[in-house]
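These notes are about the structure you will find just below.
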Amino acid sequence: MPDEKHDLIEFQNASLKYTRWKGESKILLCFHGFGQDRFAYETIHQSLTGTYTVYSFDAFFHGESKWNRKQESFYPKDWFNFMELFLEKESIKEFEVMGYSMGGKYAMITAQLFPLKIRHVHLLAPDGISTHFSYRFSTYPIVFKRLLKTQIKNPRVFNRLVKLVKATKWMDNYTLRFAETQMDTEFKRAQVYYSWVVLRHFIPDLKKLASQINTHQTTLTFYLGKHDKVISRKEVSRLVNLLDNPEIIEIDSGHSKLIDNLSQFFYRKSS
């Protein structure tokens with residue numbers, strides 16, 4: 001059995017839950033996607049045990065992490081407080097980060113906040129580079145935020161919109177099915193609402209991040225699914241174009257299985 005530890009960082013009526021899988025001396029901090037929890041990275045840990053000790057976190061509104069400050073916005077400066085406490089508690093001097101989809105924002109912001117400690121940024125089909133219309137629509141105008149909140153209990157507007165999109169073929173079937181799976185229960189709809197509204201200011205400063213990465217010659221690797229119709233190469237181009245030496249690796253995968261397929265890629269690479 002691996003040396004597995006579960007722990008908690010608490011700050012101002014909020015808590016951040018994480019698991020450590022002990023391996024070798026390199027440190028990797030992992031951040032999962034929407035609807036997942038910290039255990040999504042167990043296969044990554046298994047594929048990297050010979051090289052890394054892996055820490056995997058529950059994002060807020062997921063798993064056991066708690067943001068109990070009602071609908072108060074969460075900012076990068078709040079994340080700095082959690083990460084500073086975490087790094088001190090675990091006596092970590094330098095580290096790498098990995099973020100999948102929604103977790104890409106956590107990874108990029110962590111790298112941005114600790115430029116002298118970061119050694120490698122791994123981004124798996126990351127969200128947070130391109131701002132989609134649906135995100136702006138649902139988080140900024142107050143009337144749309146109220147509308148979105150009503151959909152938690154009764155998603156009739158969302159269901160009608162799905163029917164309209166299907167009829168007009170405005171969105172491909174894969175992307176539409178992906179959206180439906182994120183809203184098919186009341187719990188998931190609440191996750192969508194609070195993740196969008198509370199975390200609407202939790203976005204990386206791409207120019208600052210790129211400048212720091214270029215200045216310190218930090219390695220940044222994109223892992224993109226060859227069959228991913230949610231986050232494509234076009235979606236990450238804003239950051240790619242700001243970097244001096246970005247590394248882009250294509251994985252034989254769609255969006256939802258990217259972590260597991262990347263684990264297999266690491267296994268093959270190490271064998």
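Computed from the coordinates by the stated procedures, all read-outs in this text should not be read as laboratory data. Every value quoted in this text rests on a predicted model; they were computed, and no experiment measured them. Cβ placement follows ideal geometry from the backbone for every residue including glycine, while neighbour counts extend to all protein chains displayed.
Filter the cross-link list Lys17/Lys89; Lys26/Lys234; Lys22/Lys226; Lys22/Lys208; Lys66/Lys234; Lys208/Lys257 down to pairs whose alpha-carbon distance in this structure exceeds 23 Å.
Exceeds cut-off: Lys26/Lys234; Lys22/Lys226; Lys22/Lys208; Lys66/Lys234; Lys208/Lys257.
What residues of the range 1-27 lie in the reach of a label at Lys89, counting those whose backbone N is under 13 Å from a point 7 Å from the Cα along Cα→Cβ?
Correct set: 5-20.
Taking 0.36 nm per residue of separation and subtracting the Cα-Cα distance, what length does fully extending Glu72 through Lys269 add?
Separation in residues times 0.36 nm, less the Cα-Cα distance, equals 66.5 nm.
For the range 96-112 and the range 33-58, what is the centre-to-centre distance using only Cα atoms, to the nearest Å?
13
What ³J(HN,Hα) values, in whole Hz, does the Karplus curve 6.51 cos²θ - 1.76 cosθ + 1.60 give for the range 87-94 when θ = phi - 60°, with x put for Gly and Pro?
After applying 6.51 cos²θ - 1.76 cosθ + 1.60, I find 4, 5, 4, 9, 6, 9, 9, 8 Hz.
What is the ratio of the Cα radius of gyration of the range 40-102 to 2.2 N^0.38 Å, where N is its residue count, to two decimals?
So the range 40-102 has a normalised radius of gyration of 1.29.
Give the long-range amide H neighbours of Lys229: residues separated by 5 or more places, or on another chain, with amide H under 5 Å away, using H modelled in the peptide plane at 1.01 Å from N.
Counting only residues 5 or more places away or on other chains, the set is His255.
Find how much the distance from Lys257 to His216 grows on full extension, using 0.36 nm per residue of separation minus their present alpha carbon separation; answer in nm with one decimal.
Working it through step by step, the gained length comes to 11.5 nm.
Evaluate E = 1/(1 + (r/R0)^6) for Val240 and Leu116, where r is the Cβ-Cβ distance and R0 equals 30 Å; express this FRET efficiency to the nearest 0.05.
With R0 = 30 Å, the Cβ-Cβ based efficiency is 0.80.
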